[in-house]
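The structure appears right after this line, and notes come after that.
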Amino acid sequence: MEMKILADQLERLKRRFGEKNFDHEFIKLVANEVRSMADYDFVKFCDVLIGTRPPNKPPLISDFREARIRSEKIKFDFMTSSLAKTLADPAKHEGLKKVLKEQYGNVTSVNEAIEYKRLQDQLKKADDPDIA
């Protein structure tokens, strides 16, 4: 995420929900939580917060976490859907197998690659608790 987008949106949230609800420590937590979100997704999420919550009900970290997870799920679903369309063309299978082998070693299917990547991410998270 672009830092300017993050700063602009946090400023909007401060104006709506008050400075005291977006102190320095809370902003650090929010930034860490949403750093992997696409700019567009974060702006839309802030639009929803501003448009649907009264000023005396500021968002919590769990709201930002749920938005990030939702954004990641949509991106993952789109990628797997696109991949499924690509796999529908038998001419592309050999190229895909080559890419899987280059990227993941002994992986021979997309499902195995997905599981391999998930396992890698889990191991990274276990090694570094700051990774969201």
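Just to verify a number: FRET efficiency for residue 4 and residue 124, C-beta to C-beta distance, R0 = 30 Å, to 0.05?
0.65
Given R₀ = 30 Å, FRET efficiency for residue 77-residue 108 by Cβ-Cβ distance, to 0.05? Write down the numbers at each step before the final one.
On the way: r = 23 Å, r/R0 = 0.77.
Calculated value: 0.85.
Run the numbers for residue 69 and residue 101: contour at 0.36 nm per residue of separation, minus the present Cα-Cα distance, in nm. Please report the intermediate quantities before stating the final value.
Details: separation 32, 0.36 × 32 = 11.52 nm, distance 2.89 nm.
That works out to 8.6 nm of additional length.
How fast does segment 1-68 diffuse by Stokes-Einstein, in µm²/s, taking the Kirkwood radius from C-alpha pairs at 37 °C and 0.692 mPa s?
It diffuses with D of about 279 µm²/s by this estimate.
Counting only heavy atoms of protein chains, what accessible area per residue, in Å², does the chain have with a probe of 1.4 Å?
70
Counting only protein heavy atoms and using a 1.4 Å probe, what share of the accessible area of the chain belongs to carbon plus sulfur, as a whole percent?
Solvent-exposed carbon and sulfur of the chain make up 57 percent of the total.
Using the C-alpha gyration tensor of the chain, what are the square roots of 5 times its eigenvalues, in whole angstrom, with the largest one first?
38, 17, 11
What FRET efficiency comes out for the pair residue 56/residue 29, r = Cβ-Cβ distance, R0 = 25 Å, nearest 0.05?
E between residue 56 and residue 29, to the nearest 0.05, is 0.75.
Could you tell me which of the pairs 14/57; 98/124; 14/44 are separated by over 19 angstrom between their Cα atoms in the structure shown?
Those over the limit are 98/124.
The values are calculated or read from the model by the stated rules, or taken from the named source; none is laboratory data. What you see is a predicted model; the values in this text were computed from it and never measured. Note that each Cβ is placed from the backbone with ideal geometry, even for glycine, and that neighbours are counted across all protein chains shown. Heavy atoms of the whole protein, side chains included, go into the accessibility calculation; ligands, DNA and RNA do not. Shrake-Rupley method; radii C 1.70, N 1.55, O 1.52, S 1.80 Å.
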